[in-house]
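Below you'll find the structure, written out as C-alpha cells, and then a few comments.
The values are calculated or read from the model by the stated rules, or taken from the named source; none is laboratory data. Note that the coordinates shown come from a computational prediction; the quantities given were computed from them, not determined experimentally. Backbone-built Cβ (ideal geometry, glycine too); neighbour counts: all protein chains shown. Just the protein is used for accessible areas: all its heavy atoms, side chains included, with ligands, DNA and RNA removed. Shrake-Rupley method; radii C 1.70, N 1.55, O 1.52, S 1.80 Å.
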Amino acid sequence: MLLVKNETEIKENTNKIPIMGDDSDQLNLLQSMLTSMDHLDEGVMLLNQDWELKFINLSACKLLRCTREEMIGRNMWEKLPEKIKKPFSNSYNNKMIENQPIELNEYYSPTKTWFYVQAYTSDSGLTVIFRDTTEKHAAMQVMEQAYRTLFDGHPDAVCSVDLKGRILSINTAFKEIFAVDEKNIVGDLFIKNLSQDKQSKLTDVFEFAKKGSPKTIEINLTEEMERPFYIMVTAIPIIANSQIIGIFGIIKDITKDYHNIEEIRRLFHMNQLIMESVEDGILGIDRESNVVMWNEAAERITGYHREELTHKKLKEIVSFLSPTDNKLIKKGFSRTSTITKDTVIRRTGATFYRKDGTPFLCEFTITPMVSSDEIVGSVFTFRDITEKKKSEELLHQSEKLSAVGQLAAGIAHEIRNPLTSLKGFLQLIKNNNGGKKEYFDIMMSEFMRIEQILNELLVLSKPQSMKKEKNSLDKLLNHTVTLLNTQAIIKNIEIETKITKKDINIKCSEHQIKQVFVNLIKNAIEAMDNGGKIIVSLEQEMDEATVRIIDEGCGIPEEKLKRLGDPFFTTKESGTGLGLMVSYKIIEDHGGEIHIHSIEGSGTTFTVKLPTV
C-alpha cells in the first residue's frame, strides 16, 4: 500500500523520531503507525515545509473526494481553493511566531462541506487533522436563527451590549417602546442621555452582570420620555465557551403595574387613616399569633405599644381574664381554632386590665380574618364601656325607683282590700262583744298575704349585696327538687331529673339561684291540679348551661305570655306576680336569660340559660 513516495523519505522522517531499535524496526513501526491512521474518522495529512503532501489517510481522501495517487507529492494548494489558503496561511504564520497550534473552521466548496481544522507545526513540516462539521454547523445555524427569532420576538425590549457598554443590537419591541431606529443607536453607550443618578444605577447593574451575576432594577423614565414611564431592567451575562462576551438587557414596561401598586398604596393609606380614626380598639392576629394590626385607639385604651405585644405578652394579658372570657379569647385566636369564616364571637361586660393594672369593662367582638376563602387570622375589636356601664347603672337605679313607685301604688291598692276586711271583722267583734274562730282565721290569712307582698317587694326596693361563688348547678337542682318533692307527691306529681353531665359549675349566689328554681318548680306544681310529671333537665352547650322545667299543666294563653314578669300580673288566683319578676331579675344579674314556651292545655316549658365556669 502506498503511504509515501519512497523509503528514503521514510528513513529521513524516522531519524527525527526517537524510536528504539534498528532501521528495520523503526521503519516497520512507522509503517504500522501510518497504517493505523487509516482507521481514524478524522482526516490526517502530513506536509513538508514546502507544502508538499507526504502522507494522507483514507478518511482525508474520502472527505476531500480524492485518491492518494492524486495527492501524495503535490503542493496542497494545487488541490485546495485560494479562499482557504489565505486564512490558513495567515493563521499559520501567526501561530508559527507564537509557537501554538492552528485552529479554524473553513468551508470547502467542491464538496460543500464545513471542516474544523487543527494543524501542528514541527521542524520538518506540518501535521493537519480535520473533520466534517457540516451537520454541527447547520445545527448552529438553526440555533442562531432560533436565537434571533427569540430575540426579535421577545415581548419585552431586549438589547445586547458589549463589555464596554456599547449597544450591539436591539429587538423589535425595543424599537417600538423607545421609538428609535437601530442604526441610530448601535455603537452608542447604553447609558447615553440619562441623568447622573440613573447612569450610576444602571452601571452598577451592568458591572454585576459582567461578573456573572444577573441583576434587576426599577427605573423611572418619566422625565426622559415626557410621560409616565416606569421600567424594570434585568442585566444577564452572555456566555460563550465559558467566557462572558457581552450583556443582554431586558427592559419591561411596568408603568401599568406601578400605577396599580400606587393605587394599592393609596387604598392602604386610606385604610390606615380609617383605622386610626375609629374609637374602637382593633387587634389583628395571624394564625401564628403574630400581631399584624394594632391601631391608636387600642394603644390609648390599653396603654400597650404594638412592639410590646409579643406572643408571651398576649398570653399574660389573657391569663388575667375570667375563665369564661379566657375561653372565648382562646377560641378566637388559637392556632388550632375550629372557627369558620362565618363565626362571630361577642361579649359584653368582660373585665380587662390596662398596662398600669387598672381594670376596665370591655365589650368585644372576634371575627375571622379571611383571604381567598381561607382563614388567615382573627380580628379582635373592643371598646371601653366603663363609663357606659356607670350610666346604665344610674339609669337602672332610676328605673328601679320608678318601679318601686309603681309597686307602691299597686301595694296600696292590694293592701286596701284586706285592710277593709280586717276593719269590718274587727267591727263585728266589737259589736258582738267577742269573736269567732273563723273571723280570726280570715284575719290571719289576710295578714299573711300582706306579709308575702311586702317580702317580695323588699327584693326589688332594697339593694342586694350579692356574693357570687363557684357552685355545682346539678347539686343546686337536686337540692331544690328534694325540697319540693314532698309537696309534689301530695298532688300526685312525679318530678323526674335528667342531668346529662355532672359537675357543671356556675358562678352565682347560691340562695338566689335556689330561689329561682323554687319559684319555677313551685309554679309548675301549682299549675298541675290533676297530677302528672314534671321534668327538670340540665345540659351543657359550649360555655353555657341550660336548665329546662317542663310541666304537664294547663298552659298559659298566648296573649298572657308577654305580660309574665310584670308586677302583680299572675295567672293564679292567689298569686302576686312578684315571684317571676324577682326570678327574671336574679337570672339577669347572673348574666343569664329566661325563655318561656307554653301551649294552652298542653303545659309550659321554662328554659334558664347561665354561663358556666
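Take Glu288 and decide whether it is within 30 Å of Thr365 (Cβ to Cβ), open to solvent by 60 Å² or more (accessible area, probe 1.4 Å) and touching a residue at least 24 places away in the same chain (Cβ under 8 Å). Give the steps one after another, and end with the answer.
Details: within 30 Å of Thr365 (Cβ to Cβ): yes; open to solvent by 60 Å² or more (accessible area, probe 1.4 Å): yes; touching a residue at least 24 places away in the same chain (Cβ under 8 Å): yes.
Answer is yes for this residue.
With the requirement that a residue be of a type in the set (Val, Ile, Thr), assigned to a strand (DSSP E or B) and in contact with a Gly (Cβ under 8 Å, 6 or more places away or on another chain), what does segment 368-394 give you? Show your work before the answer.
Going through segment 368-394, the residues of a type in the set (Val, Ile, Thr) turn out to be 370, 375-376, 379, 381, 385-386.
Restricting the remaining residues to those that are assigned to a strand (DSSP E or B) gives 370, 375-376, 379, 381.
Hits for segment 368-394 are Val379, Thr381.
Every residue in segment 367-385 that is under 13 Å from Thr348 (Cβ atoms) and touching a helix residue (DSSP H, G or I) at 6+ places or on another chain (Cβ under 7 Å), please.
Asp384, the sole residue that qualifies.
Taking segment 166-190 as the search range and keeping residues that are among the small types (Gly, Ala, Ser) and open to solvent by less than 50 Å² (accessible area, probe 1.4 Å), which one is farthest from Gly246 (Cα to Cα)? If you could, list the steps in order and put the result at the bottom.
Residues of segment 166-190 among the small types (Gly, Ala, Ser): 169, 173, 179, 187.
This time we only want the ones that are open to solvent by less than 50 Å² (accessible area, probe 1.4 Å), so: 169, 173, 187.
Working: Ser169: 11, Ala173: 20, Gly187: 13 Å.
Filtering segment 166-190 for residues that are among the small types (Gly, Ala, Ser) and open to solvent by less than 50 Å² (accessible area, probe 1.4 Å), the one farthest from Gly246 (Cα to Cα) comes out as Ala173.
I want to confirm something. Restricting to segment 63-91 and keeping residues that are at pLDDT below 75 and open to solvent by 60 Å² or more (accessible area, probe 1.4 Å), which single residue is farthest from Ile102 (Cα to Cα)? If you could, list the steps in order and put the result at the bottom.
Let us first name the residues in segment 63-91 that are at pLDDT below 75, namely 79-91.
Subsequent filtering for residues that are open to solvent by 60 Å² or more (accessible area, probe 1.4 Å) retains 79, 82-83, 85-86, 90.
Details: Lys79: 20, Glu82: 18, Lys83: 17, Lys85: 13, Lys86: 14, Asn90: 10 Å.
Within segment 63-91, the match that is farthest from Ile102 (Cα to Cα) is Lys79.
A quick yes/no check of all residues on (1) more than 27 Å from Leu58 (Cβ to Cβ); (2) open to solvent by less than 50 Å² (accessible area, probe 1.4 Å); (3) at pLDDT 90 or above; (4) among the acidic types (Asp, Glu):
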{"residue": "Thr127", "(1), (2), (3), (4)": "no, yes, no, no"}
{"residue": "Phe130", "(1), (2), (3), (4)": "no, yes, yes, no"}
{"residue": "Gln141", "(1), (2), (3), (4)": "yes, no, no, no"}
{"residue": "Gln145", "(1), (2), (3), (4)": "yes, no, no, no"}
{"residue": "Leu150", "(1), (2), (3), (4)": "yes, no, no, no"}
{"residue": "Pro155", "(1), (2), (3), (4)": "yes, no, no, no"}
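Out of segment 481-520, which residues are surrounded by fewer than 14 Cβ atoms within 10 Å (Cβ to Cβ) and in a loop (DSSP other than H, G, I, E, B)?
Listed by number, the residues that qualify are Lys491, Asn492, Thr500, Lys501, Lys502, Asp503.
Quick one: which strands (runs of 3 or more DSSP E) lie wholly within segment 211-253 and hold at least 1 residues that are of a type in the set (A, V, I, L, M) and open to solvent by 70 Å² or more (accessible area, probe 1.4 Å)?
Values: elements: 215-220, 230-240, 243-253.
Strands (runs of 3 or more DSSP E) meeting the threshold: 230-240, 243-253.
Could you give me the residue pairs with C-beta distances under 6 Å whose first residue belongs to segment 183-196 and is under 19 Å from Glu207 (Cβ atoms), whose second residue is of a type in the set (A, V, I, L, M) and open to solvent by less than 100 Å² (accessible area, probe 1.4 Å) wherever it lies, and which are 6+ apart or on separate chains?
Final answer for the pair search is Asp188/Ile167; Phe190/Val161; Phe190/Ile167; Ile191/Leu202.
Going through segment 593-611 one residue at a time, which ones are open to solvent by less than 30 Å² (accessible area, probe 1.4 Å), modelled with pLDDT under 90 and under 49 Å from the mean Cα position of the chain (by Cα)?
The answer is Ile594, and nothing else.
For segment 268-285, how many residues meet the condition of being without any contact (Cβ under 8 Å) to a residue 60 or more places away in the chain and among the aliphatic types (A, V, I, L, M)? I'd like the intermediate steps shown before the answer.
So the first thing to find is which residues in segment 268-285 are without any contact (Cβ under 8 Å) to a residue 60 or more places away in the chain, and the list is 268-278.
Add one more test, that the residue is among the aliphatic types (A, V, I, L, M), and what stays is 270, 273-275, 278.
Residues that pass the stated criteria total 5.
Looking at segment 521-540 only, could you name the residues that are of a type in the set (S, T, N, Q) and assigned to a strand (DSSP E or B)? Break it down into steps so the answer makes sense when it comes.
Just the residues of segment 521-540 that are of a type in the set (S, T, N, Q), to begin with: 523, 530, 537, 540.
Correct list: Ser537, Gln540.
Can you give me the number of residues within segment 533-559 that are touching a strand residue (DSSP E or B) at 6+ places or on another chain (Cβ under 6 Å), over 20 Å from Ile587 (Cβ atoms) and open to solvent by 10 Å² or more (accessible area, probe 1.4 Å)?
The number of residues fulfilling the criteria is 3.
Give me a count of the residues in segment 299-309 that are in a loop (DSSP other than H, G, I, E, B) and touching a residue at least 12 places away in the same chain (Cβ under 8 Å).
Of the residues in segment 299-309, 3 are in a loop (DSSP other than H, G, I, E, B) and touching a residue at least 12 places away in the same chain (Cβ under 8 Å).
Are any of the residues in segment 191-201 open to solvent by 70 Å² or more (accessible area, probe 1.4 Å), within 24 Å of Arg227 (Cβ to Cβ), of a type in the set (D, E, K, R) and assigned to a helix (DSSP H, G or I)? Full working, then the answer.
Within segment 191-201, the first condition is being open to solvent by 70 Å² or more (accessible area, probe 1.4 Å), and the residues that meet it are 192-193, 196-197, 201.
Filter again for within 24 Å of Arg227 (Cβ to Cβ), leaving 192-193, 196-197, 201.
Then drop every residue that is not of a type in the set (D, E, K, R), which leaves 192, 197, 201.
Then keep just the ones that are assigned to a helix (DSSP H, G or I); that gives 197, 201.
Yes, because at least one residue in segment 191-201 is open to solvent by 70 Å² or more (accessible area, probe 1.4 Å), within 24 Å of Arg227 (Cβ to Cβ), of a type in the set (D, E, K, R) and assigned to a helix (DSSP H, G or I).
If Asn523 satisfies all but one of (1) farther than 14 Å from Gln487 by Cβ; (2) at pLDDT below 90, what's the number of the condition it fails?
Result: Asn523 passes all but (1).
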